[in-house]
Each structure stands twice: as C-alpha cells, then as structure tokens.
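Worksheet: the structure to be examined is printed underneath.
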Amino acid sequence: MNYIVLDLEWNQCYGGHEHENPRMPFEIIEIGAVKLDEKFNITDFYSSIIKPRLYKKLQPHIKAILNYDEATLKKGRPFDMVCREFIKWCGEDYIFCTWGTMDLSYLQNNMDYYYMKQLEKPLKYYNVQQIYADVASEDGQISKLEKAVAHMNLEIDRPFHSAVNDAYYTGRILAKIKPKDLDDRYTYDVYNVPMEKDEEIISYHKHYMEHITRVFEDKAEALSDKELLTIRCYKCGKKTSKKIKWFVNSQNAYACVGRCWYHGLVAGRIRFKQTKDGKVFAIKTMLPTDKVGMENIRERQNELREKRQEKRHIKKKRHLSEQ
C-alpha cells in the first residue's frame, strides 16, 4: 500500500463571503502530492496548477503567501481534468495523508461542484498534523507545518506554500516519525456523512472508540436514537454502568461517564455537526478516564446546573417585578 500525501492551495472570493458561490466557497488552484511506499520512501511527485473558474483574482492574504500570481493561474488546466489525472496517479492501493483536516473536504467539495464521481466513503486517512502533535511535538499542541519542520530538524530545501512542497515536507515528517502504531491512528473525513443506519462508522482504536452517525433531521431526532446515547466501553464495546448520565456540556456537545466491569471508567463525548443541507449528524467518542477525570466532569456538570438555576431564578424575579 502507498501513502498519498496530499496538499492543496485554494482561493476565496475577492469580494468577501456575501459574493461567493455557496456551492464552492474555496476554489482549489493547485494540487500537490508525494507518493510514499510502505517504508515511507518518496517514490513519486504530483504537481499541477489549476485555472480558476470562479475566483480569478487572488485574495490579498492568499496572494501574499503564494509563490505565483494570477498570470500563472491563467496557464493552468481545468480542475476536473487535473483531478481525474491526480486520482489516476494515486493508483489502486493507497491511503491519503494530509496536514490537517481541511484538504480532503475541499477536494470533495470542488469535485461536487463539477459533478464528478465522488471518492469512496467512508474516506479513511491519516492526519499527519495530529500524529505529529501526539507523538513528536514538545507540548502536544497542533502546529503549523513550518514549525514542525524546524522542530524535526529537517532540511529546508524548497519554499513553503507550494502544494507539492508542503506535501513533500509533510511526507518527510511522517517518514521521520514512523509511529509503530500508525495503523491505529487513522481517522475519517466527514464531508460525505453516512445516510443510513447500516452505513454508520464505529471504529475501535487502542485508546478510544469513535462512532459517526447517520444524518438526522435535527438534534432532537438524533438524541432519540438509543444507540447514540448508549455508553459503551472504548475497548470491548460492551454497555457500561452509568456514573454520570449524558448532559449538555456546550451548545453542540454532550458528556458522560460510565464504568466497564473489565476496563474501568470511560468518558464519553458527543459532538453535533451540521451537514451541507442544514441537517445534523453526531460524532461520539469514548475514551478511558480515571477518578480525577470523572470528578472534573462531575464538577463541570454541577457548574452548568448552578448556572441554569441562577438564570431561572433571575428570570423568575424579573417576571414577578413586571407584574
């Protein structure tokens, strides 16, 4: 299997969001990639400039970081031609790798705009930025590519902010890290969300479990789904006893704690996300915790409960004063 390390450059509407095309707010102007073999050796490069169809004038902040201008873009080829060529170049047996979470979503959005055949779903890939943060960074925080390259003491032998060059550096970081548990560090792109129950994604990793649900009309319908609210062990998948029931942790997130008879305390989180057409889906994550972690979650629950009670009290006083 090959690793396709992908990087994109894109442009936005020069006139601002109010003038952009809602079907394609980010127009790809360059596709760059490197191909790594199973031993992380670079075996091939792909690079192509794309002639924009919608946003032909570069936004000032984008133009400032790129190594080319509008004159170069005019010499590019149409997106659909380049994209088909790129997918063919990827080959048959591969997995995408990116620096961050946006490239694959933007690629698929642009493919949608041109009514192209979509990539397979669920789309599994490696987020090298997150892998670097987990394995190699000093503080465990998400970093810019330039900072990671410097920290890894990699030779800077070509300019940044060219898609193929950024893919090259991302590939070199992955090759230098070579995490032994890489097979466990995959994630899923959620541009194309499961539509049916049997398409839902439930994946078990060494230290967490992830459940990506199908699309629901709204949050209320999602919360009526019994499986979504079932607290399961991150490791064995069995139902746990409830220590802290699901509660609203923020506007679009819920939290809970359960106890597995075999694997101890597990913390749960549900995050709601909106689809392209305004519906919702949920991403549930279960991971191990301890007594301190459970008490922190309980403290958060009590804090939110007190705030709600205080708001109700103030509202009641205001109502009585107006009578």
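No lab work stands behind these numbers, since they all come straight from the coordinates. Treat the numbers as computed from the prediction; the structure is a model and nothing was measured. Cβ: placed from backbone, ideal geometry, glycine included. Neighbour counts: every protein chain shown.
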Candidate lysines - alpha carbon under 17 Å from LYS35, same-chain residues fewer than 8 apart omitted: LYS88, LYS124, LYS176, LYS178
Selection of trypsin sites (Lys or Arg not before Pro), the stretch 35-108, meeting DSSP coil and at most 15 other Cβ within 10 Å: LYS39, ARG53, LYS56, LYS57, LYS75
Residue among ASP44, ASP183, ASP166 with the largest mean-square fluctuation in a Gaussian network model of the chain, springs linking Cα atoms under 10 Å: ASP183
Gaussian network model of the chain, Cα within-10 Å springs - most flexible of PRO22, PRO288, PRO179: PRO22
Burial ordering of HIS151, HIS205, fewest other beta-carbon atoms within 10 Å first: HIS151, HIS205
10 Å Cβ shell holding at most 15 others, DSSP loop, GluC sites (Glu not before Pro): longest site-free stretch of the chain: 218-323
Only Lys, Arg (+1) and Asp, Glu (-1) charged, at Cβ; the chain dipole about Cα centre in debye: 1640
Sequence of SER224, SER203 once ranked by neighbouring C-beta atoms within 10 Å, starting from the fewest: SER224, SER203
Choice from ALA150, ALA267, ALA33 with maximal GNM fluctuation in the chain (Cα, 10 Å cutoff): ALA150
Crossing angle, helix 103-113 versus the chain [Cα axis fit, 0-90 degrees, rounded to tens]: 80
From the coordinates shown, Cα extents along the principal axes in Å corresponds to which of (i) 69, 54, 39; (ii) 79, 47, 38; (iii) 57, 51, 34: (i)
Residues listed by number, the stretch 14-28, amide nitrogen under 15 Å from LYS276 label point at 7 Å toward C-beta: 21-28
The stretch 170-225 and the stretch 132-153: distance between their alpha carbon centers, rounded to Å: 23
FRET efficiency, 1/(1 + (r/R0)^6) with R0 51 Å, evaluated for GLU221 and MET1 via beta carbons: 0.85
Convex hull of the stretch 193-307 built on C-alpha atoms - directionally averaged projected area, nm²: 7.3
With Cα atoms, 0 to 90° folded angle of helix 291-322 axis to the chain main axis: 70
Rounded to 10°, Cα long-axis angle of helix 79-90 versus longest principal axis of the chain: 80
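Tell me the Kirkwood hydrodynamic radius of the stretch 28-88 in angstroms, computed as one over the mean inverse distance between distinct C-alpha pairs.
It is 12.9 Å.
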